[in-house]
Each structure stands twice: as C-alpha cells, then as structure tokens.
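Step one of this worksheet: look at the structure below.
The values are calculated or read from the model by the stated rules, or taken from the named source; none is laboratory data. Everything numeric in this text was worked out from a predicted model, so none of it was measured. In this analysis, Cβ positions are derived from the backbone assuming ideal geometry, glycine residues included, and neighbour counts consider all displayed protein chains.
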Amino acid sequence: MNKFSVSAILCAAGSSARMGSKNKLLLPYAGKSIIQHCVANLLAADIEELIVVVGFQSDALELELYDFTDAIKIVKNEAFQTGHTSSIKCGVRAMNNHHSAFLIGLGDMPLISTKHYDQIIKHFKEAMRLDNNTIARPTYQGTPGHPVIMSTSHKEEILNCTDQEGCRSVIKSNSDLLSLMETSEKCYIQDTDTPESYKSLIADNL
C-alpha cells in the first residue's frame, strides 16, 4: 500500500422480505431509485473503487445500475439467502489488494450523502494514524450506524466470520480498535426496510 485508499462494498443482495412484494432498492426516491442514490453518493466520495454486491433480483438491479457500469464492479452473491454476511464476504473477495481499508455500506440508506461518507472516512483516516488496524463506525444517540470501515488487516477475520447477519463478532473481538464517530445526524441509522420506513423517507424529504 503506497497511499491511503478505500474500497467501498455496497451490499444490495437482500430479498427485501420486510418490504413485502417490492424490491426496496428499486423503489423511487427524489427522481431516482434508492439504489441509484446510494451508488451515486458513494461514487462521489473519497473512495478508490466501488463494489456492488447483488443477489435477489440481480438482473433487475444490474439493469438499474447500467449507467454506472464503467465506474463500479458488480458482484453476484449466489448465497444471498444465507444472510447479509455472505454479501460482505463476496465484496471482500472482490477487492483489489492495494487498499488500506474497506467500507461496508448498505444499499437501502439513500440519506447517507457523499458528505456523510466523507465524514466517516475522514474519521477513520485520523484514527488509523494511531493504529493501522482501526475499525470505525458512526453512532447516533448510542445506536451504532453505517457504514462501517475496517483496516484491510481484518480481511481474513471477515472471511472466516460465522455470523449470518453482519460481522458483529469481528467488531466485538476488536473492541479495543473500534473508533466511534459520535454524530447528531440520524441518516447514519435510517435504512429503508419496511413500507412504513419508506413512507417516512418520502414524507420527510419532499
């Protein structure tokens, strides 16, 4: 690693079970789909590559992301039904090897803007000066948020993680390396999982 760089992994493979019959990532919001907002916001942030992990309705998602084809790497998670962690692992395997860190983001959080991604990346970068093995994440009123950023020194731990829905055990076992970014901005914990959360997203941002 010659310079600090971040590989971003955007998890977009879930089955949207709590949303009902619709794929939450394809729902419209402010002139684009939710997934288009998330990809555009991340691409404009201080990252070197963006890997989008798809699974459920992968063909529809790839079509939705057609305009970003030259700027992103799309990876298909054939095991998406086994849980969120399988998508994280797919993204980690697809990373280029020269990066300092990897960011794990969620494809249903369109309110996290480029500014917000850059805030947590900056926080991580400053924490990394104290310890190259840093893990960072935002926290809002005591609630952990996303994205999570990890030093690439944790890649093997992620690939060996037995959690199904995220990598909490990796974070817990490295709690001494965790740097929390306290924030007053709720967007870091606002996903779009249910019809109610989607209605709130639309109503609050007209």
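The set of residues from the stretch 164-177 being in contact (Cβ under 8 Å) with a residue 12 or more places away in the chain and over 17 Å from the mean Cα position of the chain (by Cα) comprises S173, N174, L177. Among the helices (runs of 4 or more DSSP H) confined to the stretch 81-167, the ones with at least 3 residues that are within 30 Å of T194 (Cβ to Cβ) are located at 84-94, 114-128. Say we look at the stretch 1-22 and pick out the residues that are crowded, with 20+ Cβ neighbours inside 10 Å and part of a loop (DSSP other than H, G, I, E, B); which of these is modelled with the highest pLDDT? Once the filter is applied, the top-ranked residue is A13. For the stretch 172-203, the set of residues classified as more than 21 Å from N23 (Cα to Cα) and of a type in the set (D, E) consists of D176, E182, E185, listed by residue number. For the criterion of being of a type in the set (V, I, T), modelled with pLDDT of 95 or more and crowded, with 22+ Cβ neighbours inside 10 Å, V75 fails.
Taken residue by residue, the stretch 154-165 has no member that is surrounded by 13 or more Cβ atoms within 10 Å (Cβ to Cβ) and out of contact with any helix residue (DSSP H, G or I) (no Cβ under 7 Å at 6 or more places or on another chain).
Of everything in the stretch 166-206, what is within 18 Å of F124 (Cβ to Cβ), buried (at least 16 other Cβ atoms within 10 Å of the Cβ) and among the hydroxyl-bearing types (S, T, Y)? Give them in sequence order. Scanning the stretch 166-206 gives S179, T183, Y188.
Against the test of being part of a helix (DSSP H, G or I), surrounded by fewer than 17 Cβ atoms within 10 Å (Cβ to Cβ) and free of Cβ contacts under 8 Å to residues at least 12 places away in the same chain, the options D70, D59 yield a single qualifying residue, D59. Of all residues in the stretch 10-39, those that are under 18 Å from the mean Cα position of the chain (by Cα), farther than 19 Å from V148 by Cβ and among the small types (G, A, S) total 3.
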